[in-house]
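Working notes, structure below.
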Amino acid sequence: MVKSLAPLALLAAVAVATPVELAKRSDPLGIDVSGYQPSVDWSTVKSNGVTWAYIKATEGTTYTSPSFSSQYDGATKAGIIRGAYHFAHPDSSTGAAQADYFVKNGGGWSGDGLTLPGALDIEYNPSGATCYGLSASAMVSWVKSFSDEYHSKTSRYPVIYTTTDWWTQCTGNSASFATNNPLWIARYSSSIGTLPAGWDYATFWQYADSGSNPGDADKFNGDAAGLKKIATG
């Protein structure tokens with residue numbers, strides 16, 4: 001994830017309407033991990049209050065995380081709601097091809113109450129041009145290709161993980177995905193800040209890149225029931 005590593009109609013109930021509702025929320029804690037955290041003690045993580053996690057599965061169409069299976073199984077055994085994420089390489093292949101690769105290598109979904117929809121991690125290029133050499137319109141088309149293919153394979157639209165700065169720069173601040181794709185925003189601060197166009201709220205917030213648990217620190221924008229609902233479909 002950001003290291004140099006989204007809203008459905010049925011989730012409307014978790015949107016914050018008033019300060020009174022905000023006070024009642026629990027904002028369940030989560031983490032996201034990758035091969036940088038190969039050994040996670042999930043029982044300790046759970047005892048620390050973490051109830052959900054995203055785990056890196058794939059990049060492009062050639063890389064699968066060697067830690068994914070053990071991390072995913074460990075989270076499952078600990079009773080943590082978990083999902084997989086894919087690090088996008090829009091310069092290497094189509095969005096549809098990467099969505100297929102993701103689904104085949106851990107990024108699938110089932111409405112078992114324990115599986116979060118897969119997440120598309122689309123952000124700063126770690127080894128080249130920030131926007132991977134794509135124009136804003138081409139980037140929007142790439143994301144749509146990934147999102148549509150993931151939906152066709154799983155019946156769910158993927159969560160989109162990004163930063164407001166990258167999204168604004170590389171998609172022209174497109175509002176095209178706010179209707180279907182839950183937003184997972186990365187902003188390391190005490191407040192979530194301005195969101196990309198179209199999204200009224202973020203479903204997930206990565207608010208720190210370290211903490212008392214392995215990986216990055218996250219919050220779900222809602223309560224435990226809302227989190228369970230996303231994993232149920």
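The values are calculated or read from the model by the stated rules, or taken from the named source; none is laboratory data. Everything numeric in this text was worked out from a predicted model, so none of it was measured. All Cβ positions, even for glycine, are placed from backbone atoms using ideal geometry, and neighbour counts span all protein chains on display.
Some notes on this structure:
- I31 meets all of the listed conditions (1) within 16 Å of the chain's Cα centre (by Cα); (2) surrounded by fewer than 21 Cβ atoms within 10 Å (Cβ to Cβ); (3) among the hydrophobic types (A, V, I, L, M, F, W, C) but one, namely (2).
- Check on I230, modelled with pLDDT of 95 or more, among the β-branched types (V, I, T) and assigned to a strand (DSSP E or B): no
- When the strands (runs of 3 or more DSSP E) confined to the range 141-216 are screened for residues that are of a type in the set (S, T, Y) and at pLDDT 95 or above, those reaching at least 1 such residues are found at 159-162, 204-208.
- Just one of the listed residues (A6, A17, A53) is modelled with pLDDT under 95, crowded, with 17+ Cβ neighbours inside 10 Å and among the aliphatic types (A, V, I, L, M), and it is A6.
Yes or no, residue by residue, for (1) of a type in the set (K, R); (2) surrounded by fewer than 19 Cβ atoms within 10 Å (Cβ to Cβ); (3) in contact with a Leu (Cβ under 7 Å, 6 or more places away or on another chain); (4) more than 21 Å from R156 (Cα to Cα):
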{"residue": "S39", "(1), (2), (3), (4)": "no, yes, no, yes"}
{"residue": "W42", "(1), (2), (3), (4)": "no, no, no, yes"}
{"residue": "S65", "(1), (2), (3), (4)": "no, no, no, yes"}
{"residue": "S69", "(1), (2), (3), (4)": "no, yes, no, yes"}
{"residue": "A99", "(1), (2), (3), (4)": "no, no, no, no"}
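- Selection of the range 101-122 for residues being more than 24 Å from W167 (Cβ to Cβ) and not in a strand (DSSP E or B) yields K104, N105, G106, G108, S110, G111, D112, G113, L114.
- Filtering the range 123-140 to residues that are assigned to a loop (DSSP other than H, G, I, E, B) and either of a type in the set (A, V, I, L, M) or surrounded by 16 or more Cβ atoms within 10 Å (Cβ to Cβ) (or both) leaves E123, Y124, N125, A129, C131, Y132, L134.
- Boolean, D91 is over 16 Å from the mean Cα position of the chain (by Cα), in a loop (DSSP other than H, G, I, E, B) and closer than 21 Å to T162 by Cα: yes
- Criterion: closer than 29 Å to I81 by Cα, aliphatic (A, V, I, L, M) and buried (at least 23 other Cβ atoms within 10 Å of the Cβ) - qualifying residue of A197, A175, A119: A119
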